[in-house]
Amino acid sequence: MAARSILFVNRVYPPDAGATGRLLADVACHMADQGWQVTVVAEGEGDATPMPGLTVRRTGGRVSGASARAYLGSLGRLARLALAQPRHDLVVTMTDPPLLHLAGPALRARHRAALVHWCQDLYPDLFPRVGLALPKAAALALAGLSTAALARCDRLVPIGDCMADRLAARGLDPRRIHPIPNWPQAGLLAAKPDRGALEEIVPAARGRLVLLYAGTIGLVHPTAPLLHAARRLQAAGAPVQIVVMGAGRRRQALDQDAASLRNLSLLPYLDDGRAAMVSATADLHLALMEPATVGMLVPCKVPAALGAGRPVLFCGPPDGTAARQVAASGAGRVVPPDGEALAAAVQACLEHPGMLEAWTEAAARERAAFRDRPGPAAFAGLASELLEGRVARPRLIRRLSLPVTTPLGPGRVG
């Protein structure tokens, strides 16, 4: 029997940096190990076969700058290359670049394949929150096109229940929506704490509790609570060093205040090994999220912290997936997006070391659970069930010669 085949389409794939590419690599390698023929279409140069069963096809182009035109160019290159690939049984679009799912129906028709959209961010909903304000008529038209494209998918895979709820609110069939939460990278799961090495990178951390923010500092990550908390803790003489490791469009706001805040250390992105070590050594992690983006995104910083075995303060909305992840783990606290509340939560960790120790033990349990790699296995299982259903239902229809109602809707057979 021929091996099942799957085609993934995403802008980034390792060695190019990017969270979506790292998650995709985990799934692609897992499915190739399971006997699938896996093809990844991504930007960049140089096709490759990194392991048996896995082929990476590159467009030869790259996004230059963060403009809408640059991302539309990327979408076009990816769609053209994906359309040119040999037929696959299953096509998966992701959300980098934004609106890549608009190419899904054409890919579905070209490959005569099942179609899955793996939704890491919800566009066009997120556009106003990342600085792209469209005229009302254009926004409505784009939302209609987006929903129509998503309705053609056999499965939608959001990364949290709050995103699943928002998709269902668009009128999309809840039976096709199957959330799979994101997971930490393998390097975090294996990283060992090294306080001495951390203090070589951040000398100001010696003898102080280290609160780490690791990752993108974008427009959906409010820096005002962090800066306010830093000022309050410095004024109180609290032995805390806030370490920010990453970059993004709001990094400049931190750069401007760092000179006056002795308890704030700014680092660039580090290589994977050192970044994982810093994450596994910090006493406490911090995740930030704009409340208005609930259901449009889920911060990866919460599972990343837990994957490093460290507790986390989530400073953001209490009604989203990230808040529920923290509460369910028992490895941290959900804090209102307010600098006073954040400062008080950090101060509580200093005053109640037993609480921080209990959080750390809970984070270690979460880390052990992540080592079973439940995310890639769940995605592979969903793909297998989808293809098995597409084969079985037409046979059943021919045998009975009767109309049927399936999870894909009346008379739909995938």
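Numerical summary
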item	result
Residue check, A82 surrounded by fewer than 16 Cβ atoms within 10 Å (Cβ to Cβ), more than 16 Å from L156 (Cβ to Cβ) and hydrophobic (A, V, I, L, M, F, W, C)	no
Answer residue from the stretch 3-22, given it is over 17 Å from L99 (Cβ atoms) and among the hydroxyl-bearing types (S, T, Y) and is surrounded by the most Cβ atoms within 10 Å (Cβ to Cβ) among those	Y13
A164 being under 30 Å from A2 (Cα atoms) and either surrounded by fewer than 21 Cβ atoms within 10 Å (Cβ to Cβ) or assigned by TED's automatic domain parsing to the domain that holds R58 (or both)	no
Within the stretch 194-211, tally of residues that are of a type outside the set (K, R), under 29 Å from P337 (Cβ atoms) and out of contact with any Asp or Glu (no Cβ under 8 Å at 6 or more places or on another chain)	4
Residue within the stretch 343-363 that is more than 25 Å from A191 (Cβ to Cβ), in contact (Cβ under 8 Å) with a residue 60 or more places away in the chain, in contact with a Cys (Cβ under 6 Å, 6 or more places away or on another chain) and in the same structural domain as A282 (by TED's automatic domain parsing) present	no
Set L267, L286: member being buried (at least 24 other Cβ atoms within 10 Å of the Cβ) and either aliphatic (A, V, I, L, M) or farther than 20 Å from L23 by Cβ (or both)	L286
Leading residue by the ranking (surrounded by the most Cβ atoms within 10 Å (Cβ to Cβ)) among those in the stretch 362-382 that are more than 19 Å from the chain's Cα centre (by Cα) and more than 14 Å from A305 (Cβ to Cβ)	G381
Which listed residue, of R249, R274, is assigned to a loop (DSSP other than H, G, I, E, B), over 19 Å from Q347 (Cβ atoms) and either in contact with a Cys (Cβ under 9 Å, 6 or more places away or on another chain) or among the charged types (D, E, K, R) (or both)	R249
Condition met for L209 (crowded, with 17+ Cβ neighbours inside 10 Å and touching a residue at least 60 places away in the same chain (Cβ under 8 Å))	yes
Some residue of the stretch 178-199 being of a type in the set (D, E) and outside the structural domain of Q347 (by TED's automatic domain parsing)	no
Qualifying positions in the stretch 23-55 - farther than 23 Å from L188 by Cβ, surrounded by fewer than 20 Cβ atoms within 10 Å (Cβ to Cβ), in contact (Cβ under 8 Å) with a residue 12 or more places away in the chain and of a type outside the set (S, T, Y)	Q34, G35, Q37, G44, E45, G46, P52, G53
Selection count where residues are without any contact (Cβ under 8 Å) to a residue 60 or more places away in the chain, in a loop (DSSP other than H, G, I, E, B) and either small (G, A, S) or closer than 18 Å to R155 by Cα (or both), scope the stretch 90-101	1
From A348, A358, residue being aliphatic (A, V, I, L, M) and surrounded by fewer than 14 Cβ atoms within 10 Å (Cβ to Cβ)	A348
Test for A322: is it at negative phi, in the same structural domain as E200 (by TED's automatic domain parsing), out of contact with any strand residue (DSSP E or B) (no Cβ under 6 Å at 6 or more places or on another chain) and touching a residue at least 12 places away in the same chain (Cβ under 8 Å)	no
Residue selected from the stretch 307-336 under the condition of a type in the set (D, E, K, R) and in a loop (DSSP other than H, G, I, E, B), by the criterion farthest from M355 (Cα to Cα)	D319
Within the stretch 118-143, tally of residues that are within 19 Å of the chain's Cα centre (by Cα) and not in a helix (DSSP H, G or I)	9
Out of R87, R69, R77, sole residue that is modelled with pLDDT under 95 and not in a strand (DSSP E or B)	R69
Scan of the stretch 208-246 for residues that are closer than 14 Å to T281 by Cα and part of a loop (DSSP other than H, G, I, E, B), ordered by number	R208
Index of the failed condition, L99 passing every other in (1) surrounded by 20 or more Cβ atoms within 10 Å (Cβ to Cβ); (2) within 21 Å of the chain's Cα centre (by Cα)	(1)
Selection count, the stretch 152-202, where residues are among the β-branched types (V, I, T) and either in a loop (DSSP other than H, G, I, E, B) or at positive phi (or both)	3
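The values are calculated or read from the model by the stated rules, or taken from the named source; none is laboratory data. Values in this document were obtained by computation on a predicted structure and should not be read as measured data. Cβ coordinates were reconstructed from backbone atoms using ideal geometry, including for glycine residues, and neighbour counts include every protein chain displayed.
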